[in-house]
Amino acid sequence: AEWPALTAALAADHSEDALAELRAVLAEQYRLTFRYRRPLLLLTKCALEFPGLADVFVAGLRDRLLDLLAGYLSRRARAGLLRTVPDFHAAAALMVQAIAWSALQRPHDPGMTALSDEVAETATLDLLVHGMRPLS
């Protein structure tokens, strides 16, 4: 449950290139999700059967990630560096879920096997990052 790029971005008062910074934050999450995809899938399935595990995995890990990511997005948006959205927590959740789909579920979808891991990662990160580009 360590995210060095996200931690560094949160510690920085300002960013010279917020889109590159966001890409680094999300790429880190993508790589971690992809690297630990088998244990994450197992945890997800087991959490349904073991409520204590769900508390640790969902409330402890994912909620912490969502809170940190939402806080980061909100700070950069208030500084005018990223797009302002109606709900930063919802935006963070969508980002995490898009990464989870691309890194975890997509490889098991027979209709998506033509997409290479690299192409899926690039497309996911591009859409998420450019979706936060400031509107003005």
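A cut-off under 13 angstrom between Cβ atoms defines the neighbours of Arg23, and their net charge, with Lys, Arg +1 and Asp, Glu -1, is -2. Axis of helix 63-78 versus longest Cα principal axis of the chain: the two differ by about 20°, to the nearest ten degrees. Taking the longest Cα principal axis of the chain as reference, the axis of helix 117-130 is set at about 40 degrees. Solvent-accessible surface of protein heavy atoms, probed at 1.4 angstrom with all chains present, puts Phe88, Phe50 in the order Phe50, Phe88, largest first. Helix 37-49 and the longest principal axis of the Cα set of the chain meet at an angle near 70°. Sequence-distant contacts, meaning Cα pairs under 8 Å at least 6 residues apart, place the relative contact order of the chain at 31 percent. Using a Gaussian network model of the chain in which every pair of alpha carbons under 10 angstrom is joined by a spring, one finds that among Ala18, Ala91, Ala114 the greatest mean-square fluctuation is at Ala114. Considering only Ala24, Gly52, Leu81, the residue lying farthest towards the positive end of the dipole of the chain is Gly52, judged by Cα position with unit charges set on Cβ. Per residue, the convex hull spanned by the alpha carbons of the chain comes to 114 Å³. Solvent exposure of region 31-114, expressed per residue, is 61 Å² of accessible area, with all protein chains present and a 1.4 angstrom probe.
Computing the accessible area with a 1.4 Å probe over protein heavy atoms, can you report the carbon and sulfur percentage for the chain? Ligands and nucleic acids excluded, carbon and sulfur reach 61 percent.
The values are calculated or read from the model by the stated rules, or taken from the named source; none is laboratory data. Note that the structure is a prediction, hence the values are computed from the model and not measured. Reconstructed Cβ throughout: ideal geometry from the backbone, glycine too, with neighbour counts over all protein chains shown. Side chains are part of the model used for accessible areas, which takes the heavy atoms of the whole protein and leaves out ligands, DNA and RNA. Shrake-Rupley method; radii C 1.70, N 1.55, O 1.52, S 1.80 Å.
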